[in-house]
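A quick write-up on the structure given underneath.
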Amino acid sequence: MTVEEREVLRSFAVRRVRPEEWRSLRELRLEALRDPIAHLAYLETIEAALERPDSFWQDRTRTAASGTAAGQFVAVDERGDLAGTATALVTAPGEPDYIGETGPQLRAAVVGVYVQPGHRGGGVLQAILSETEAWLRGIGVPQVRLHVNEQNLRAQGAYRKCGYVDTGVRVEMVDGVNHEMVRDLRSA
Ligand SMILES: CC(C)(COP(=O)(O)OP(=O)(O)OC[C@H]1O[C@@H](n2cnc3c(N)ncnc32)[C@H](O)[C@@H]1OP(=O)(O)O)[C@@H](O)C(=O)NCCC(=O)NCCS
């Protein structure tokens, strides 16, 4: 890649997903699940994802595109390609969240984080998380958390740079031990 090409690829816009782009989001998800460290990053396998019918991707994209249960955000580069994504899952007080825990307040978890290899190290993640957090703040969520595998050091470093703090809580998940990291949205 030339310097000029890198400059072009650094230019991107972040926005919430649209229902009609479910095919592109399916492709991006499949690409993420083929990443060499996918086994440390996602709770789903490529085999399971390939089995899912179109209706699954359509429903998931529709839910992530509107309403307050989930918000998926994407970075779109100048060619219109999806450079990365993150999804916030919102849980009402008293309801079990994506790992089955309950809590007294409205809360959210960031999941499904992926940045395409050609865009890594270029601020894409920071821009996506910042947009995701602005959306969460707007619907009254005071704190956001995420889980990152203990062996996924790059992701841990990336989240730290984005203001996430390791709480010291360790959660055993299907991919192994995960670190809980949080970001307070009231002071951010
Ligand atoms: C995780 C991911 C979203 C991060 O985005 P990114 O653009 O690569 O992140 P950045 O390069 O901005 O930040 C990573 C930081 O960790 C550091 N880092 C990289 N490898 C590291 C390692 N082995 N140990 C410690 N730190 C490391 C980098 O140096 C960088 O910090 P710096 O900018 O201060 O040098 C992206 O790499 C990705 O999609 N990975 C595959 C899927 C994945 O792991 N998703 C997250 C699941 S929780």
**Message:** among the hydroxyl-bearing types (Ser, Thr, Tyr), over 27 Å from Arg26 (Cα atoms) and touching a Pro at 6+ places or on another chain (Cβ under 8 Å): is that true of Thr102 in this structure?
**Reply:** yes
**Fill in**
Within region 39-56, residues being of a type outside the set (A, V, I, L, M), surrounded by 13 or more Cβ atoms within 10 Å (Cβ to Cβ) and over 17 Å from Trp22 (Cβ atoms) number 3
**Complete:** Considering region 158-175, residues that are at pLDDT 95 or above and closer than 14 Å to Ala41 by Cβ, and then whichever is surrounded by the most Cβ atoms within 10 Å (Cβ to Cβ), we arrive at Tyr159
**Test: Glu180 is touching a Ser or Thr at 6+ places or on another chain (Cβ under 6 Å), within 13 Å of the ligand (Cβ to nearest atom) and either farther than 27 Å from Ala65 by Cα or at pLDDT 95 or above (or both)** = yes
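Residues are listed down the side, and each one gets a yes or a no for (1) over 28 Å from Gly122 (Cα atoms); (2) loosely packed, with under 12 Cβ neighbours inside 10 Å; (3) modelled with pLDDT under 95:
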position	(1), (2), (3)
Trp22	no, no, no
Gln58	yes, no, no
Thr63	yes, no, no
Gly71	no, no, no
Arg79	no, yes, yes
Thr87	no, no, no
Val90	no, no, no
Thr102	yes, no, yes
**Prompt:** Residues of region 36-52 being within 13 Å of the ligand (Cβ to nearest atom) and not in a helix (DSSP H, G or I), which ones?
**Reply:** Pro36, Ile37, Tyr42, Leu43, Glu44
**Message:** Please pick out the residue among Arg186, Arg170 that is over 15 Å from the mean Cα position of the chain (by Cα) and either within 15 Å of the ligand (Cβ to nearest atom) or of a type in the set (A, V, I, L, M) (or both).
**Reply:** Arg170
**Asked** What single numbered condition from (1) farther than 30 Å from Pro93 by Cβ; (2) in contact with a strand residue (DSSP E or B) (Cβ under 7 Å, 6 or more places away or on another chain) fails to hold for Gly71?
**Response** (1)
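Listed here are the residues, each with its yes/no results for (1) more than 18 Å from Leu43 (Cα to Cα); (2) buried (at least 20 other Cβ atoms within 10 Å of the Cβ); (3) near the ligand (Cβ under 9 Å from one of its atoms).
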residue: Tyr98; (1), (2), (3): no, no, no
residue: Ala109; (1), (2), (3): no, no, no
residue: Gly118; (1), (2), (3): yes, no, no
residue: Gly121; (1), (2), (3): yes, no, yes
residue: Gly138; (1), (2), (3): yes, no, no
residue: Leu146; (1), (2), (3): no, yes, yes
**Complete:** Per the filter on region 56-83, residues out of contact with any His (no Cβ under 6 Å at 6 or more places or on another chain) and under 11 Å from Val14 (Cα atoms) are Gln72, Phe73, Val74, Ala75, Val76, Asp77, Leu82
**Asked** Is there any pair with a first residue in region 112-128 that is farther than 13 Å from Leu28 by Cβ and a second that is near the ligand (Cβ under 6 Å from one of its atoms) whose Cβ atoms are under 8 Å apart and which are 6 or more apart or on different chains, and what are they?
**Response** Leu125/Val113; Leu125/Val115; Leu125/Ala158; Gln126/Lys161
**Any chance Leu43 is among the aliphatic types (A, V, I, L, M) and modelled with pLDDT under 95** = yes
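The values are calculated or read from the model by the stated rules, or taken from the named source; none is laboratory data. In this text, all values refer to a predicted model and were calculated from it rather than measured experimentally. When we count neighbours, we look across all protein chains shown, and the Cβ atoms used for this are built from the backbone with ideal geometry, even at glycine.
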